[in-house]
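Worksheet: one structure, shown below.
Derivation of every value follows stated rules applied to the coordinates shown; laboratory data play no part. Predicted model only: the values in this text are computed from it and were never measured. Quick reminder, even Gly has a Cβ in these numbers, built from the backbone with ideal geometry, and neighbours come from all protein chains shown.
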Amino acid sequence: MKIIDISQRLHNQIPVWPGDAPFTFGLSWTKEDSGSVNVGKIEMSAHTGTHIDAPYHFDDEGARVADLPLERFIGKALVVDLTGAAVISKEELSKFDFSGVSKVLIKTGSWTDRSKFPETITSVHENTAPFLKEKGIDLIGVDVPSVDELDSKGLPSHHSLQRYDIQILEGIVLDGVEPGVYNLIALPLPLAEADGCPVRAVLIQE
């Protein structure tokens, strides 16, 4: 069994959405001060690094993170390579066989320097959601910060995926991951009020 970490490492220089809360980790208590332990403190946006979007992120009536079914974030996943594609669409994805999987993870290669927030990305076309639903897919993962274009206000792909009950995983790292079928684990924390949550996403190769 091989475990492949497809999560971004969280550190104080990790890029976040422009204007969003930066990630910071520091010590509230040091072992020297407390006499026994170091105790850390984290401040961050819920959409830092590799994360999931709950429907509440873009819908005031949508489910929060803790209400999402955990089985959606565990299961057989197909990794596909769409490097160079202008957009992730039904037409692009129709080339692949989704038999026996319930998740799809898409390598676009369009976020080339993860030390900086990207200026452009390969986004997901809104016709993708109904196609994936037909194929039995209940989660889509992308190697970019959003399934929609970065300047989108209407977020058509987010809303389309929600309508078809497909969970959203963003900011995964698929560098060096070969296309194929893996077991995915990308569990969010049980945050009762949250609109999103960083995850430790891993692929298990039998």
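Applying a 10 Å radius around every beta-carbon, put 180-188, 31-39 in order of their mean neighbour count, most first.
Ranked by mean Cβ neighbours within 10 Å, highest first: 180-188, 31-39.
Extension gain Glu61-Asp165, at 0.36 nm per residue separation less the Cα-Cα distance, in nm?
Full-extension gain reported as 36.0 nm.
At a 10 angstrom cut-off on C-beta neighbours, averaged per residue, how do the peptides 158-165, 82-89 rank from highest to lowest?
158-165, 82-89
So how many Lys-Lys pairs in the chain land under 26 Å Cα to Cα, not counting same-chain pairs under 8 apart?
28
Quick one: length gained pulling Asp97 to Ile185 fully straight, 0.36 nm per residue minus the C-alpha distance?
29.6 nm
How far, in nm, would the chain grow between Gln13 and Ser28 when pulled straight, counting 0.36 nm per residue and subtracting the alpha carbon separation?
Length difference between fully extended and current span is 3.5 nm.
Label-point separation (nm) for Met1 and Val37, each offset 7 Å from Cα along Cα-to-Cβ?
3.0 nm
If you rank Arg114, Arg200, Arg9 by fewest surrounding Cβ atoms within 10 Å, what's the result?
Fewest to most other Cβ atoms nearby, the residues stand as Arg9, Arg200, Arg114.
Mind ordering 131-139, 149-157 by average Cβ neighbours within 10 Å, highest first?
Highest to lowest by the protection proxy: 131-139, 149-157.
Using a/c under 1.5 as the rounded threshold, could you call the stretch 1-136 rounded, prolate or oblate? The axes a ≥ b ≥ c are square roots of the C-alpha gyration tensor eigenvalues, and prolate needs a/b larger than b/c, oblate otherwise.
Cα axes put the stretch 1-136 in the prolate bin.
Could you state the principal axis extents of the C-alpha atoms in the stretch 61-191, from the largest down, to the nearest angstrom?
That gives 33, 33, 27 Å along the principal axes, largest extent first.
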